[in-house]
Amino acid sequence: MDIPSIHPEQGRHNPLFRSGRCIERLDEIAAWFSARQNRPVPEQLKVEVVLFAADHGVAESMESNAKTIDQLQMHAAVDSPIRQLCQLADAQLHMVDLGVAGNLIDADIDHAKVRSNGSADITSAPAMDQMDYWECVGIGEEMANRAIANGANLLIAGSIACGDHVAVAAIIAELTGLSADEALYSTAAPETYTRELIAVEQAIARAQGTPSHDLLREIGGLEIAAMAGFYRAAASKGVPVLLDGRASAAAALAAIAWDVRIAGWMLASHLSDEAGHREALESLGLEPLVELRTGADHGHAAIMLLPLLKAAIAFRQATAIATNQG
């Protein structure tokens, strides 16, 4: 089947909400879903969101007060913003603990720890060994397959991982050809940023010569490997995915390093002004739906755009009905 794509240059020169462009772009989105559902008029979206959580060993030397377990607990709260967004968008939400330091007992979190303290320090050792790597990939695949079995026809994967920006930058740099400083986004103080930049350079140097399909094991993270597996399983079942932020884009780059055809099942939610995000999406051949001045990870941006995607499909459905009646 010839699946139409949406060219990246269209988004740069014709933003979605520019006057006269919105309806045309909505129809392109609906056509994109029609092609992937193999239907002249697409079915309305049934969405499942999965957030994968894990710590990063390299973050321990960066003097950050942020803790992944606190972030996970905040997102797991019954009144958390992510839960409210999912409720408004009629999307199912799951959270998976792959390697968060500490124990958080919550009935709404899937506990699937692969490593008790997250990935290793990628400046001096592989992020994980082969067994842990493929276990993370397998958990991602299982979560995607489970969602599809429950009727989902659009999947979103996000991450909860404090200190992941070193690994994300290293992956983006390696798979797009950017330098470490071009790929690293950080809001840290100058001295901490310098340490982070050195860490990215050390990780890349240590992993030199690693085949692209094995980079996640060397310089990635547990949650990034799971997201890549999630994307691979979705594509293999013919179900589209909506990418979120930089970490999501890094996982997508790693997934298509396994199989370039996976990119045909991806839609980019947004483009941030964070370093390397534009280049990552361009390498994926994706046009973002919107441009944001700042990043939005943990699934937030992707979920906020679900009403727009549903409106695009509803518009095509209504147009088809009107055409048939006419």
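The values are calculated or read from the model by the stated rules, or taken from the named source; none is laboratory data. On a predicted model such as this, the values are computed, not experimentally measured, just so you know. Counting neighbours? That spans all protein chains shown, and the Cβs are built from the backbone with ideal geometry, glycine included. With ligands, DNA and RNA removed, areas are computed over all heavy atoms of the protein, side chains included. Shrake-Rupley method; radii C 1.70, N 1.55, O 1.52, S 1.80 Å.
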Gain upon complete extension [residue 131, residue 292; 0.36 nm per residue less C-alpha separation]: 54.2 nm
For 321, 262, give the ranking by accessible area with the largest first, probe 1.4 Å. 321, 262
If you take the beta carbon distance between residue 94 and residue 260 as r and set R0 to 25 Å, what does 1/(1 + (r/R0)^6) give as a FRET efficiency, to the nearest 0.05? 0.35
Could you state how much accessible area residue 86 has, in square angstrom rounded to the nearest 10, with a 1.4 Å probe and all protein chains kept in place? 10 Å²
Mind running the shape call on the chain? Use the C-alpha gyration tensor, a ≥ b ≥ c as the square roots of the eigenvalues: rounded below 1.5 for a/c, prolate if a/b tops b/c, oblate otherwise. prolate
Would you tell me the accessible area of residue 185, worked out with a 1.4 angstrom probe on the heavy atoms of the protein chains, in Å² to the nearest 10? 70 Å²
Can you tell me how much longer the chain between residue 27 and residue 318 gets when fully stretched, taken as 0.36 nm per residue apart minus their C-alpha distance, in nm with one decimal? 103.6 nm
Within the set 315, 52, 230, GNM on the chain using Cα springs under 10 Å gives the largest fluctuation to 315
Among 189, 255, 226, determine the one that fluctuates most according to a GNM of the chain built with springs between C-alpha atoms less than 10 Å apart. 189
Using 1/(1 + (r/R0)^6) with R0 = 30 angstrom and r between the beta carbons of residue 236 and residue 87, what's the FRET efficiency to the nearest 0.05? 0.50
Taking 274, 201 and ranking on accessible area (1.4 Å, protein atoms only), highest first, one gets 201, 274
Ranked by accessible surface with a 1.4 Å probe, highest first, in what order do 46, 310 come? 46, 310
Rounded to the nearest 10 Å², the accessible area of residue 97 at probe 1.4 Å: 0 Å²
Applying 1/(1 + (r/R0)^6) with R0 = 56 Å to the Cβ-Cβ distance of residue 60 and residue 311, what FRET efficiency is obtained, to the nearest 0.05? 0.80
Placing each pseudo-label 7 Å from Cα in the direction of the beta carbon, residue 208 and residue 79 end up separated by a distance in nanometres of 5.5 nm
Farthest toward positive dipole pole in the stretch 250-323 [+1 Lys/Arg, -1 Asp/Glu at C-beta], among 317, 264, 292: 317
Running a GNM on the chain with Cα contacts under 10 Å, which residue among 48, 196, 28 ends up with the highest mean-square fluctuation? 28
Roughly speaking, what is the centre-to-centre gap between the stretch 214-232 and the stretch 234-254 when only Cα atoms are used, to the nearest Å? 11 Å
